[in-house]
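First comes the structure, then the notes that go with it.
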Amino acid sequence: MPTRSSLELQDSPFFTQWYLRYGTDTFQYYVQDKLSFGALTVDLGWKGFSVVNTATPIIAGGYASGRIKVQDYFQPHAGVNYRLTNGLELCGDFTEVKRAFTSAATSGPFATTQAGFNALLTTSKLKPESSNTYEAGGRFHRGPITALAAGYYVDFQNRTLAQTVGAGIVGNPAILSNVGSVRAYGVETALEAKLYRGFGLFASYSYNDSTYRQNVTVNGVAEPIRGKQTVDTPKNLAKGEITYDGTRFFGRVGADYLSRRYFTYTNDQSVPGRVLVDATIGVRMELGDRKFEIQGNATNLFNKRYVATIGSNGFGYSGDNQTLLAGAPRELFVSVKTTF
């Protein structure tokens, strides 16, 4: 007979390898104002925070304990919007962001040994990640047509990377360090049209060029990643769908495209792009005074074989790291909805 219920939280273990109490103390404020000058609207403001991360050992078990703090009381933001006509407006903004650390044993500065954590504070002097983002574009709306287009530039600094020794699945500690910056720029576009007799059309496309700006030295070896595309970042994404919503019948057919994705920092290994098609069809009915809606959904309609998740065990510099997970096959769902 079992002595424990699987539906209850387990306690009183016969052995505990490590047990630490993690805490995060956050102080944050923001200032914001909106100014209007006729057709021109300006949003101005900034935010600031102070975050203290702590790890207090109950059973250390080799993991780090201590305290680390990130403080930045001025992170500005500015946005402008100019209305050219009733249906056309131009916009732009700038945002500065800094990221605090996490309090955990699985990621962040505490996911290492005590010696490694001490080195982060004294030798390497770990810096928090930060970014400056610039964006400009326009929006258009007239009758059944809505469209937008925007371009952006992101300067990402003090990128942090956890360097593991051996396979991550066996629990080897990682060393967190700053490994340079990333530059990203791209465009985003979208179009939506409400067509005749309940039909509709939607299409979007985005292009992203995101590259590492410095090489990385690992165990005395320089890894040539400068100018390489960032991992798990496709350059091209596109989506399109056709919809119909009538009095009795409704439906949708959509396609989603994702281009090649790299899962090594040197870009020597990648997974190819894929197109997935989803579909929905439904009918509305009335039986007496009761209304029913029957809907059928299909995901991955053509049963495409593809890689969904990459980097499930982290990303390596070259070669295969067994980080790929297969995508779901075709799935069919039927649902019935009514009101009482």
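When only residues in the stretch 1-30 that are in contact (Cβ under 8 Å) with a residue 40 or more places away in the chain and in a loop (DSSP other than H, G, I, E, B) count, which is surrounded by the most Cβ atoms within 10 Å (Cβ to Cβ)?
Selected residue: Trp18.
Residues of the stretch 218-230 being open to solvent by less than 20 Å² (accessible area, probe 1.4 Å) and either in a helix (DSSP H, G or I) or of a type in the set (A, V, I, L, M, F, W, C) (or both), which ones?
Within the stretch 218-230, Ile225 is the sole residue that qualifies.
Restricting to the stretch 181-222, give me the number of residues that are of a type outside the set (Phe, Trp, Tyr), modelled with pLDDT of 90 or more and within 26 Å of the chain's Cα centre (by Cα).
21
Can you name the residue in the stretch 268-299 that is outside any strand (DSSP E or B) and farther than 29 Å from Phe340 by Cβ and, of all such residues, is least open to solvent (accessible area, probe 1.4 Å)?
Gly273
Applying the selection to the stretch 179-217, what residues are under 13 Å from Tyr265 (Cβ atoms) and either open to solvent by 30 Å² or more (accessible area, probe 1.4 Å) or assigned to a loop (DSSP other than H, G, I, E, B) (or both)?
Of everything in the stretch 179-217, those that are under 13 Å from Tyr265 (Cβ atoms) and either open to solvent by 30 Å² or more (accessible area, probe 1.4 Å) or assigned to a loop (DSSP other than H, G, I, E, B) (or both) turn out to be Val179, Gly180, Arg213, Gln214, Asn215, Thr217.
Residues are listed down the side, and each one gets a yes or a no for (1) in a helix (DSSP H, G or I); (2) farther than 30 Å from Phe15 by Cα; (3) open to solvent by less than 60 Å² (accessible area, probe 1.4 Å); (4) not hydroxyl-bearing (Ser, Thr, Tyr):
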site: Gln32; (1), (2), (3), (4): no, yes, no, yes
site: Arg83; (1), (2), (3), (4): no, yes, no, yes
site: Gly92; (1), (2), (3), (4): no, yes, yes, yes
site: Ser103; (1), (2), (3), (4): no, no, yes, no
site: Ser107; (1), (2), (3), (4): no, no, yes, no
site: Phe117; (1), (2), (3), (4): yes, no, yes, yes
site: Leu120; (1), (2), (3), (4): yes, yes, yes, yes
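Could you list, in sequence order, all residues of the stretch 251-267 that are more than 22 Å from the chain's Cα centre (by Cα) and open to solvent by 30 Å² or more (accessible area, probe 1.4 Å)?
Residues satisfying the conditions are Arg252, Val253.
Could you say whether any residue in the stretch 127-135 is assigned to a helix (DSSP H, G or I) and either open to solvent by less than 60 Å² (accessible area, probe 1.4 Å) or out of contact with any strand residue (DSSP E or B) (no Cβ under 6 Å at 6 or more places or on another chain) (or both)?
no
Would you be able to say whether some residue in the stretch 65-76 is touching a Pro at 6+ places or on another chain (Cβ under 7 Å) and under 18 Å from Thr160 (Cβ atoms)?
Within the stretch 65-76 (the criterion being touching a Pro at 6+ places or on another chain (Cβ under 7 Å) and under 18 Å from Thr160 (Cβ atoms)), the answer is yes, since at least one residue qualifies.
What's the number of the condition Trp46 fails, among (1) open to solvent by 70 Å² or more (accessible area, probe 1.4 Å); (2) in contact (Cβ under 8 Å) with a residue 60 or more places away in the chain?
So Trp46 meets the others, but not (2).
Which residue out of Thr233, Thr323 is touching a residue at least 60 places away in the same chain (Cβ under 8 Å) and assigned to a loop (DSSP other than H, G, I, E, B)?
Thr323
Are there any pairs with C-beta distances below 8 angstrom linking a residue in the stretch 82-101 that is closer than 26 Å to Val154 by Cα to a residue that is outside any strand (DSSP E or B) and small (Gly, Ala, Ser), with the two at least 6 apart or on different chains, and if so which?
Tyr82/Ala39; Arg83/Ala39; Phe101/Gly108
The values are calculated or read from the model by the stated rules, or taken from the named source; none is laboratory data. Everything numeric here is computed off the predicted structure, so don't read it as measured data. Counting neighbours? That spans all protein chains shown, and the Cβs are built from the backbone with ideal geometry, glycine included. These accessible areas exclude ligands, DNA and RNA; they are computed on the full protein's heavy atoms, side chains included. Shrake-Rupley method; radii C 1.70, N 1.55, O 1.52, S 1.80 Å.
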